[in-house]
Amino acid sequence: MTSLIFITHPEVVIDPAQPVPEWPLNATGRARMERFAEMLADRDVSAVYSSTERKAMDGAAIVAEALGVSYETDEDLGENDRSATGYIAPPEFWDVVREFFGRPHESIRGWERAIDAQTRIVNAIQRILRDDETSDDIVVVSHGGVGCLLTAHLQKVEIGQESRPQHPGGGCFIVIDRDSFVLTQDWRAIEDGFAD
């Protein structure tokens, strides 16, 4: 069985002066991605993809370099469009995120609707699975919100009812069967490794 391994980027440099898509991984995030790349060395990974946001590309570059493959970007793997508000500081940000998942058919403060983001993301993952010509595991480095919306689709539940990554810094992953597009491993943190 070959898999698509979907990972949410870990910790980032939070810089309100920079657009959120340009935030890089911080030292902790980079170290965690390096640990994940070491775990992936035991698997046959033939392709790596990421969103076009800097933090995801940083993670994809770490994995790709460690495994001796290149990586490709796909803007449809990006987080929901939040450009209408820009950076919102916690705890207010988490209130808006709860609204985003709680009212998926509405635009919250001008953000992309959750239902539209989910359609975009699922289509992007299915396109990668269809078009990728390699035959081994695929790694996708993306974002927490993206992963939740994808998981809701895979678990066949309403947006907001899906299982969620539990590590507060991100850096969690799920595993999807490449052929059947079925979830084979629920969320685990990088440090937990792959389920047996």
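The values are calculated or read from the model by the stated rules, or taken from the named source; none is laboratory data. Note that the coordinates shown come from a computational prediction; the quantities given were computed from them, not determined experimentally. All Cβ positions, even for glycine, are placed from backbone atoms using ideal geometry, and neighbour counts span all protein chains on display. Surface areas here come from the heavy atoms of the whole protein model, side chains and all, with no ligands, DNA or RNA. Shrake-Rupley method; radii C 1.70, N 1.55, O 1.52, S 1.80 Å.
Things to note:
- Filter result (over 14 Å from the mean Cα position of the chain (by Cα) and under 22 Å from residue 26 (Cβ atoms)) within region 64-91: 64, 65, 66, 71, 82, 86, 87, 88, 89, 90, 91
- Note on region 91-105: residues that are in contact with a helix residue (DSSP H, G or I) (Cβ under 8 Å, 6 or more places away or on another chain), outside any loop (DSSP other than H, G, I, E, B) and either surrounded by fewer than 16 Cβ atoms within 10 Å (Cβ to Cβ) or of a type in the set (A, V, I, L, M) (or both) total 1.
- Total residues in region 57-83, condition open to solvent by less than 30 Å² (accessible area, probe 1.4 Å) and assigned to a helix (DSSP H, G or I): 7
- Count of residues meeting criterion [of a type in the set (Asp, Glu), over 19 Å from residue 178 (Cα atoms) and open to solvent by 30 Å² or more (accessible area, probe 1.4 Å)] in region 12-56: 4
- Restricting attention to region 113-133, the residues that are among the small types (Gly, Ala, Ser) and either under 22 Å from residue 180 (Cβ atoms) or open to solvent by 10 Å² or more (accessible area, probe 1.4 Å) (or both) total 1.
- For region 16-37, the count of residues that are of a type in the set (Val, Ile, Thr), more than 15 Å from the chain's Cα centre (by Cα) and in a loop (DSSP other than H, G, I, E, B) is zero.
- Comparison of 138, 108 shows that the only residue that is open to solvent by less than 20 Å² (accessible area, probe 1.4 Å), over 19 Å from residue 14 (Cα atoms) and part of a strand (DSSP E or B) is 138.
- Taking region 155-175 as the range and being in contact with a strand residue (DSSP E or B) (Cβ under 6 Å, 6 or more places away or on another chain) and either closer than 18 Å to residue 31 by Cα or buried (at least 22 other Cβ atoms within 10 Å of the Cβ) (or both) as the test, the residues that pass are 167, 170, 172, 173, 174.
- Unique residue being among the polar types (S, T, N, Q), closer than 22 Å to residue 98 by Cβ, at pLDDT 95 or above and surrounded by 13 or more Cβ atoms within 10 Å (Cβ to Cβ) when the list is 184, 151: 151
- Which numbered condition residue 88 fails, given (1) free of Cβ contacts under 8 Å to residues at least 12 places away in the same chain; (2) open to solvent by less than 50 Å² (accessible area, probe 1.4 Å); (3) under 17 Å from residue 48 (Cα atoms): (3)
- Within region 170-186, the set of residues being touching a residue at least 40 places away in the same chain (Cβ under 8 Å) and either at positive phi or hydrophobic (A, V, I, L, M, F, W, C) (or both) comprises 170, 171, 172, 173, 174, 175, 176, 181.
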